[in-house]
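> Below: one structure in structure tokens.
What follows is calculated from the coordinates using simple rules that are stated; it is not laboratory data. All values reported here derive from a predicted model rather than from experimental measurement. Glycine gets a Cβ as well: all are built from the backbone with ideal geometry, and neighbour counts include every protein chain shown.
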Amino acid sequence: MAHFHRLPGPIADIWAWQHRGACRDRDSGQFFHPDGERGASRGRREREAKKVCQHCPVRAQCAAYALATREPYGVWGGFTEHERLRLLREGWSVSSSGEIDIRRLEARLTTVTAQ
Ligand code: SF4
């Protein structure tokens, strides 16, 4: 017997949040590093991208998507690829309502950094 409730929803629903992203009309180069980028210039670019994410209305959905799909590159949901790797290592979760708690994830990164 087929379990239709386990099938993903329509693709348009899965991606709909991206249409409301604060980065929508911005240069994607701000969020994804060019080949060979390192050090200070990478840090500057990531900080600027994260500033955009701070005010994004779909930040929680974006962060949840990137963590769930283990998105390997770029700044998503206000988290760099290195920060997401740390969160994946340390563990992250959604609430019972299916929401992701951005402040809790940020606090977790601070805690992990301090150790
Ligand atoms: S959280 Fe950042 S990367 Fe995600 S949609 Fe918003 S602005 Fe774009």
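> With θ taken as phi - 60° and the coefficients 6.51, -1.76 and 1.60, list the Karplus ³J(HN,Hα) couplings across the stretch 89-96 in order, rounded to whole Hz; mark glycine and proline as x.
Values, residue by residue: 5, 7, x, 8, 7, 9, 6, 4 Hz.
> Taking +1 at the Cβ of each Lys and Arg and -1 at the Cβ of each Asp and Glu, which of L67, A107, P34 sits farthest along the dipole of the stretch 27-114 towards its positive end, judged by Cα position relative to the Cα centre?
With unit charges placed on the Cβ atoms, the residue in question is A107.
> Given charges of +1 on the Cβ of Lys and Arg and -1 on the Cβ of Asp and Glu, with all other atoms neutral, how large is the dipole of the stretch 12-115 about its Cα centre, in debye to the nearest 20? Show your work: numbers first, answer last.
Details: 18 positive and 14 negative charges, 59 e Å.
Computed charge dipole of the stretch 12-115: roughly 280 debye.
> Tell me which residues come under 5 Å, amide H to amide H, from D101 once H is placed; ignore anything under 5 positions away on its chain.
S95
> Take the Cα pairs of the stretch 27-114, get the Kirkwood Rh, then feed it into Stokes-Einstein at 4 °C and 1.567 mPa s and tell me D in µm²/s. Provide the component values of the computation, followed by the final result.
Numbers: Rh = 13.3 Å.
Estimated via Stokes-Einstein, D reaches 97 µm²/s.
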